[in-house]
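No lab work stands behind these numbers, since they all come straight from the coordinates. Fair warning: this is a prediction, and the values are worked out from it, not measured in the lab. Neighbour counts run over all protein chains shown; Cβ positions are idealised from the backbone, glycine included.
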Amino acid sequence: MMMYTWYIQAVLFTTIFATLLHSGYSQEGDDWNYLVLTLSWPPTYCSKVECKLPPRMNDFNIHGLWPSVWPGKQPTNCSAHPNFDIDKLWDIRGQLDSEWVNLKDYQNPIPFWEHEWYKHGQCATEDSLISDELGYFNTSLILRDKIDLLNTLNTYGIQPANNQLLGRIELLNTLRQAYNARVLVTCQKTPKYERRRRHHHRHNQLALLSEVRFCFNPQLELIDCPMQEEDNNTECPLWIEFPEFN
């Protein structure tokens with residue numbers, strides 16, 4: 001009898017804990033629980049892809065604002081919304097051109113924005129604080145400016161530098177201290193990394209800082225990103241490089 005009682009208590013505790021954890025990300029009526037603002041570092045992206053950047057670009061770039069289902073899946077049943085209409089973005093077009101750049105060709109950003117709208121933006125508009133196309137893109141810009149990532153890293157003594165190593169743990173701890181939230185980082189493996197991996201020198205594996213991801217609840221408040229299993233293609237090793245713009 002005692003063993004049965006202990007079992008019931010354990011099941012109840014697990015259920016309650018999971019419910020409380022999930023409730024931190026959820027909002028009734030939405031097909032998603034939280035938003036991920038993904039900021040990419042152009043020098044890393046352009047190390048493997050031919051890019052055409054704006055002449056004075058020197059900061060993190062918006063990749064997207066992604067509605068997500070806890071703990072890390074994409075929603076699949078969003079309502080239908082109007083087609084992408086560039087004219088609706090007229091009032092924020094200048095800021096989009098400088099902060100949400102098509103890195104492959106900065107002079108042709110519309111296909112990139114259109115892609116993000118259809119893949120993520122239409123789902124995000126289920127949040128009444130976003131509500132429509134202009135709201136989606138404007139909210140992304142506001143959150144990016146609020147995060148002010150590059151200046152924040154500089155304040156903590158972390159700056160882009162070629163051929164210098166940055167500890168992954170140091171970076172994650174700095175982000176936690178700066179934003180009081182769990183922030184995710186992804187990396188892009190380098191040929192140097194692959195060679196060393198094959199020789200099993202794991203302590204010397206190198207990769208380039210690729211993206212930094214911030215999580216927000218439907219009220220657009222910064223929250224801890226959920227813990228996720230690391231993706232072998234994007235996980236960051238113990239030491240990474242934060243390359244400079246050319």
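Which value in nm describes the separation of the simple spin-label points at Arg93 and Thr155, placed 7 Å from the Cα toward the beta carbon?
Going by the 7 Å Cα→Cβ label model, 3.4 nm.
Using modelled amide H (1.01 Å from N, peptide plane; none on Pro or chain starts), what sits under 5 Å from the amide H of Val69, excluding residues fewer than 5 places away?
It is Asn33, Gln74, by chain and number.
Arrange the peptides 167-174, 235-242, 100-107, 208-215 so that the one whose residues have, on average, the most other Cβ atoms within 10 Å appears first. Working shown, then result.
Working: 167-174: 15.4, 235-242: 19.4, 100-107: 17.6, 208-215: 21.1.
So the order, starting with the most tightly packed, is 208-215, 235-242, 100-107, 167-174.
Around Cys236, which amide H atoms from residues at least 5 apart in sequence, or from another chain, sit under 5 Å from its own amide H, with H modelled in the peptide plane?
Cys187
Multiplying the sequence separation of Met227 and Asp85 by 0.36 nm and subtracting their Cα-Cα distance, what value in nm do you get?
On the way: separation 142, 0.36 × 142 = 51.12 nm, distance 3.57 nm.
Between Met227 and Asp85, full extension yields an extra 47.6 nm.
Considering only Cα-Cα distances, which of the following residue pairs are longer than 25 Å: Lys104/Lys189; Lys88/Lys119; Lys48/Lys73; Lys73/Lys119? List each step's numbers first, then the result.
Details: Lys104/Lys189 20 Å; Lys88/Lys119 18 Å; Lys48/Lys73 27 Å; Lys73/Lys119 13 Å.
Pairs exceeding the cut-off: Lys48/Lys73.
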